[in-house]
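These notes are about the structure you will find just below.
The values are calculated or read from the model by the stated rules, or taken from the named source; none is laboratory data. Keep in mind that what you see is a predicted model, and the values were worked out from it rather than measured. Accessible surface areas use protein heavy atoms only, side chains included; no ligands, DNA or RNA. Shrake-Rupley method; radii C 1.70, N 1.55, O 1.52, S 1.80 Å.
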Amino acid sequence: LWRINTSTVILNLIQNRDQTHQFNLMKSSFTYYVYILSNAEKTIYTGVTNDLFRRLWQHRTGRGSKFTKKHQLAKLVWFDETDDVTVAIAHEKQIKNWRREWKIDLVETGNPEWLDLADGWYGVEGGF
């Protein structure tokens, strides 16, 4: 479902390619990540970053956001990457506006057991 909407975003960028080309010349070359965090109760948080490793560490140590700290959201259950910041931000906003069931479907399509995709990233296996 999101790929259809992302295609629309890309189509809009192509239609405005002169402006987009000028913008792209000013952008740094990064990889941008849209991600979903969760907890045992399957509370969902969606975010965007250019450094998933660092951002997840911030969330896990209570410095990510008030919401993730309050709800103890430390499990990375889904992420996607792009080299275009405008696409990443549009995708994050789109997911944030989705119904909860659509977000759950997105996670469960690639991670039906809601495993922590960052398990072992910080030298800790089986959770943080």
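How much length would be gained if the chain were fully extended between Lys66 and Asn97, taking 0.36 nm per residue of separation minus their Cα-Cα distance, in nm to one decimal? It would help to have the intermediate numbers written out before the result.
On the way: separation 31, 0.36 × 31 = 11.16 nm, distance 1.94 nm.
Full extension from Lys66 to Asn97 adds 9.2 nm.
Given the Cα-Cα distance of Lys42 and Trp114 and 0.36 nm per residue of separation, how much length would full extension add, in nm? If you can, show how the numbers build up before the last one.
Details: separation 72, 0.36 × 72 = 25.92 nm, distance 0.85 nm.
The span from Lys42 to Trp114 would gain 25.1 nm if fully extended.
Run down the lysines and flag those whose C-alpha is under 29 Å from the C-alpha of Lys66, throwing out any fewer than 8 positions away in its chain.
Within reach: Lys42, Lys75, Lys93, Lys96, Lys103.
Please list, in chain and number order, the residues 5+ apart from Ala74 or on another chain whose amide H is under 5 Å from its amide H, with Hs placed from the backbone.
The answer is Ser38.
Rounded if a/c is under 1.5, else prolate if a/b is larger than b/c, else oblate: which is the range 67-128, with a ≥ b ≥ c the root eigenvalues of its Cα gyration tensor? Mind dumping the intermediate values first?
Values: a/c = 1.68, a/b = 1.45, b/c = 1.16.
It comes out prolate by the Cα gyration axes.
If you count only protein heavy atoms and use a 1.4 Å probe, how large is the accessible surface of Asp105, to the nearest 10 Å²?
We get 90 Å² for Asp105.
Indicate the gyration tensor shape class of the range 27-107 (rounded, prolate or oblate), computed on the Cα atoms with a ≥ b ≥ c the square roots of the eigenvalues: a/c under 1.5 is rounded; otherwise a/b larger than b/c is prolate and the rest oblate. Intermediate values should be presented prior to the final figure.
Details: a/c = 2.16, a/b = 1.23, b/c = 1.75.
It is oblate, given that a/c is not under 1.5 and a/b is not larger than b/c.
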